[in-house]
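Everything on this sheet refers to the single structure shown next.
The values are calculated or read from the model by the stated rules, or taken from the named source; none is laboratory data. These numbers come from a predicted model, not from an experiment. As a convention, Cβ positions derive from the backbone with ideal geometry for all residues, glycine included, and neighbour counts pool all protein chains shown.
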Amino acid sequence: MLDSGSGHARSGTVLLQTIGLTKRYGSFLANDAIDIAIRPQEIHALLGENGAGKSTLVKTIYGLIQPSEGEMLWQGEKMVLAGPHDARARGIGMVFQHFSLFDNLTVAENVALGLDGKESFKAMSARLEQVSQQYGLPLDPKREVWQLSVGERQRIEIVRVLMQNPKFLILDEPTAVLTPQEADQLFVVLERLKSEGRAILYISHKLDEVKRLCDTATILRGGKKISTCLPREETAASLARMMVGTEIKQVKAVAHRQTTVPRLVVNDLSLAPDEPHGVHLKNISLELKGGEILGIAGVAGNGQDEFFAALSGERLSRDPGTIVIDGHAAGHLSITARRKLGAAFVPEERLGHGTAPRMRLSENALLTGHAASGMVHNGFINTAATLATVDRATESFDVRKAKRDPEAASLSGGNLQKFIVGREILRNPVVLVVSQPTWGVDAGAAAVIRQALLDLAAAGAAILVTSQDLDELADIADRIAVMFHGRLSEPLMTADADRETLGLLMGGSALTPKDVPDAVGA
Amino acid sequence: MELLEAIILAVLAASTPLLLAASGELLVERAGVLNLGVEGMMIVGAACGFAGAWATGSTLIGALCGIFAGIALSLVFALMTLGLAVNQVATGLALTILGIGVSGLIGAGFVGERISTAPRLYIPGLTTLPFVGKILFGEDGFVYVSIALIVAIWYFLYRTRAGLILRAIGDNHVSAHALGYPVLKIRTLAVMFGGGCAGLAGAYLPLAYTPFFVPGMTAGRGWIALALVVFASWLPGRLVIGAYLFGAVSILQLHAQGWGVGVPSQLMSALPYLATVVVLVLISRTRSGGSTAPAALGTVFVPDR
């Protein structure tokens with residue numbers, strides 16, 4: 001490791017270094033002069049809110065994005081990457097947050113696509129089995145990806161990267177979609193990779209994980225590096241302060257006024273999927289009283305989307321009695337009819353489901369408000385009423401936007417989500433069904449949204465929240481149920497729902513064997 | 001026996017342009033691009049193919065002219081949909097209208113001209129075998145090329161790395177880009193290949209099927225080829241079956257008229273299209289068992305850099 005002309009005492013031990021790395025999109029600085037150094041046998045956390053520039057930075061290191069300014073050093077030498085092939089050739093591997101997998105191809109084909117194709121498919125398949133056994137990441141090479149669970153999909157990504165025998169791995173929010181137990185298994189693998197001398201750049205916003213796993217942490221905010229610190233010497237609060245820049249408001253529940261009237265009842269709801277890869281809902285029952293918040297936990301893709309569609313009326317049920325809204329059988333009713341009964345719905349996807357991206361906020365207010373809010377008279381739109389809704393949502397929920405009535409797509413994720421939740425809450429619903437209320441939303445906006453849900457419940461509405469964020473559910477829900485393979489567990493009181501119990505339910509292992517006919521993929 | 005032989009020969013001839021055009025479109029759609037301009041590329045291929053063969057007297061040069069005409073038109077499509085990220089459906093429809101116009105312009109001077117049709121294979125001893133001789137060993141070159149082509153496409157898709165990459169791009173172009181594959185470049189090549197196949201399929205009509213050129217002589221075969229790809233659920237094996245089935249339907253309706261079957265001839269002429277509709281309905285009703293449609297089919301991709 002004798003680099004000629006090297007003046008730095010430790011340059012021999014630095015594996016990857018970025019110097020003043022900058023990425024500009026027009027006048028927007030996604031990365032502003034970022035310096036970061038990663039050493040072998042180190043798990044280095046990259047912390048930051050959404051939009052802090054984490055993804056841009058790692059995509060640059062992986063060669064997917066060309067930097068506008070600055071340079072990268074790899075083992076002390078200047079590195080210019082023409083593309084991911086160049087990065088892989090040096091020993092840089094990446095596990096993407098949104099998996100870069102191909103649903104209709106087999107596991108082995110997916111792995112082959114991530115390699116540079118220098119060995120035969122047969123030899124590659126054999127090596128795949130060997131590597132997956134070696135690291136305790138079992139995979140069946142012949143299965144097609146769409147049949148696999150999220151945890152198994154992530155295993156493919158990791159095995160694919162490991163087969164390149166990388167010196168440096170980038171993992172982008174690897175635990176976002178895992179159960180706590182699956183995350184623990186992943187940490188074992190990561191520790192092992194570290195002990196083999198590899199370096200890992202670990203992107204996350206889960207602070208307890210970072211404190212537990214990582215040796216070093218670099219914090220980004222608004223495209224700038226805020227600091228590099230030792231996470232074990234920081235507190236979760238001090239890390240959060242650096243990420244957000246201000247103290248985060250704690251949400252607080254007003255003492256709930258539980259009424260005895262059930263507002264939302266689901267009776268033995270079963271529904272076959274309408275898509276080839278959909279989930280079959282099986283015998284779901286629940287009862288939700290006014291003033292109560294029920295949280296539904298579960299790994300994504302276990303029927304939450306299908307359940308939302310059944311509740312909102314996007315899919316109708318043959319038997320009207322399966323869904324009862326405020327005392328009225330509603331299983332056969334359309335979305336509009338359900339809204340007229342006092343129900344409101346906030347889907348997971350903000351753009352394209354919650355709002356029409358290229359339409360103005362006032363038009364988007366009309367899309368859900370037309371049934372009951374005096375926005376339409378004799379078929380004509382009352383523009384003053386739609387604009388008033390936008391103004392009220394803006395004021396009550398601190399929606400920040402460039403002009404009074406912009407296109408939905410021009411708002412940031414957090415502000416758009418505040419608008420959508422506000423739009424529904426302003427209709428004074430008696431039942432609110434909301435899916436992933438704070439997914440991809442910055443901490444400040446998340447606090448506003450959670451507080452709004454608590455206030456709505458305090459006013460007597462029944463709220464059903466689907467979320468993959470267990471901390472969020474623990475914060476706001478009175479009871480928590482878990483969805484697994486289209487079935488819903490008995491709700492637990494939030495106080496009794498510790499992470500381990502929920503984790504077991506999320507993995508399906510707490511259900512009785514007869515409930516799980518097809519063994520959960522190991 | 002002789003009638004059966006004649007029917008089989010006619011079915012093979014009628015099916016070949018369908019198979020050629022659909023083979024190309026299958027590869028294009030497997031790459032995630034929906035080019036609805038097959039009919040337009042075919043008709044331009046027919047006009048240019050006839051022009052080439054008329055000028056030189058060579059079927060081969062005519063066929064090459066057809067192929068290059070198809071590629072040229074497909075490049076317009078590639079420039080619009082891949083380069084400028086325009087809607088693929090609208091561009092494909094526009095391409096068909098453009099192709100019909102261009103072919104009329106090119107072919108105007110050739111209407112009424114005749115050329116000699118493509119030579120047929122003749123192997124002494126084999127071609128003279130009773131019944132199978134002419135069917136297996138007495139076809140024109142296009143028939144053998146069409147079969148070789150679909151076998152080659154199958155081998156390419158399922159046995160080569162390049163084919164795997166092409167399938168991956170059709171399944172998820174975002175992932176393919178993230179792994180560093182040149183999505184737009186590969187799609188452009190696929191579109192060009194599809195254009196060449198459509199051009200060849202079009203050239204077959206005036207070079208081998210009939211010895212003259214008539215405006216609009218593709219008569220909707222490009223649309224049938226598009227339906228065929230869906231009918232085959234994007235699988236090469238089923239594409240061959242579908243092509244010969246559709247060819248057979250179009251021939252049988254001619255014979256049915258000859259036999260005096262009491263069905264209006266217009267209805268019989270509509271049979272291939274009706275069959276297409278029925279097949280599409282059947283497919284959409286039985287799709288549940290693992291769809292094979294390329295997931296990214298018809299979607300626009302703009303790489304971020």
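List of remarks:
- Residue within region B:122-135 that is modelled with pLDDT under 95, within 30 Å of A:Ile170 (Cα to Cα) and surrounded by fewer than 19 Cβ atoms within 10 Å (Cβ to Cβ) present: no
- Residue satisfying condition, being over 21 Å from B:Leu271 (Cβ atoms) and outside any helix (DSSP H, G or I), within set B:Pro206, B:Pro215: B:Pro215
- Residue among B:Leu189, B:Leu235, B:Leu228, B:Leu207 that alone is surrounded by 21 or more Cβ atoms within 10 Å (Cβ to Cβ) and more than 24 Å from B:Gly104 (Cα to Cα): B:Leu228
- Test: A:Val80 is surrounded by fewer than 19 Cβ atoms within 10 Å (Cβ to Cβ), more than 9 Å from chain B (Cβ to nearest Cβ) and either in contact with a Phe, Trp or Tyr (Cβ under 8 Å, 6 or more places away or on another chain) or under 19 Å from A:Asp172 (Cα atoms) (or both): no
- Selection within region A:88-99: residues that are at the interface with another protein chain (Cβ under 9 Å from one of its Cβ atoms) and in contact with a Ser or Thr (Cβ under 9 Å, 6 or more places away or on another chain). The member of this set that is modelled with the highest pLDDT is A:Met94.
- Flag for A:Thr60 being out of contact with any Gly (no Cβ under 7 Å at 6 or more places or on another chain) and under 30 Å from B:Leu157 (Cα atoms): no
- Filter result for B:Ala69 (under 24 Å from B:Thr218 (Cα atoms), among the aliphatic types (A, V, I, L, M), modelled with pLDDT of 95 or more and touching a helix residue (DSSP H, G or I) at 6+ places or on another chain (Cβ under 7 Å)): yes
- Total residues in region B:86-104, condition within 24 Å of B:Gly32 (Cβ to Cβ), small (Gly, Ala, Ser) and buried (at least 22 other Cβ atoms within 10 Å of the Cβ): 2
- Residues of region B:177-193 that are among the aliphatic types (A, V, I, L, M) and under 22 Å from B:Leu75 (Cβ atoms): B:Val183, B:Leu184, B:Ile186, B:Leu189, B:Ala190, B:Val191, B:Met192.
- For B:Leu184: the one exception among (1) touching a residue at least 60 places away in the same chain (Cβ under 8 Å); (2) within 14 Å of chain A (Cβ to nearest Cβ); (3) surrounded by 21 or more Cβ atoms within 10 Å (Cβ to Cβ): (3)
- Of the residues making up region A:32-60, those that are within 14 Å of chain B (Cβ to nearest Cβ) and modelled with pLDDT under 90 are A:Ser55, A:Thr56.
- Single residue of region A:161-196 satisfying the filter (surrounded by fewer than 21 Cβ atoms within 10 Å (Cβ to Cβ), assigned to a loop (DSSP other than H, G, I, E, B) and β-branched (Val, Ile, Thr)) that is modelled with the highest pLDDT: A:Thr175
- With respect to the conditions (1) surrounded by fewer than 22 Cβ atoms within 10 Å (Cβ to Cβ); (2) more than 9 Å from chain B (Cβ to nearest Cβ), A:His85 lacks only one, and its number is (2).
- When A:Ser362, A:Ser373 are screened for being touching a helix residue (DSSP H, G or I) at 6+ places or on another chain (Cβ under 6 Å), surrounded by 15 or more Cβ atoms within 10 Å (Cβ to Cβ), of a type outside the set (Asp, Glu) and not in a strand (DSSP E or B), only A:Ser362 passes.
- Hey, A:Gly63 assigned to a strand (DSSP E or B) and within 13 Å of chain B (Cβ to nearest Cβ) or not: no
- Residue check for A:Leu128: buried (at least 17 other Cβ atoms within 10 Å of the Cβ) and either facing chain B (nearest Cβ under 10 Å) or within 18 Å of A:Leu162 (Cα to Cα) (or both): yes
- Any chance A:Arg143 is at pLDDT below 90 and buried (at least 18 other Cβ atoms within 10 Å of the Cβ): no
- Residues being assigned by TED's automatic domain parsing to the domain that holds A:Leu502, assigned to a loop (DSSP other than H, G, I, E, B) and not polar (S, T, N, Q) are entirely absent from region A:392-399.
- Scanning region A:143-160 for residues that are within 13 Å of chain B (Cβ to nearest Cβ) and either without any contact (Cβ under 8 Å) to a residue 60 or more places away in the chain or closer than 14 Å to A:Ser125 by Cα (or both) turns up A:Arg143, A:Glu144, A:Val145, A:Gln147, A:Arg153, A:Ile156, A:Arg160.
- Odd one out for B:Gly138, checked against (1) touching a helix residue (DSSP H, G or I) at 6+ places or on another chain (Cβ under 9 Å); (2) away from chain A (no Cβ under 14 Å); (3) without any contact (Cβ under 8 Å) to a residue 12 or more places away in the chain: (3)
- Counted residues, region A:109-123 - those being within 11 Å of chain B (Cβ to nearest Cβ) and either under 27 Å from A:Gly440 (Cα atoms) or more than 27 Å from the chain's Cα centre (by Cα) (or both): 8
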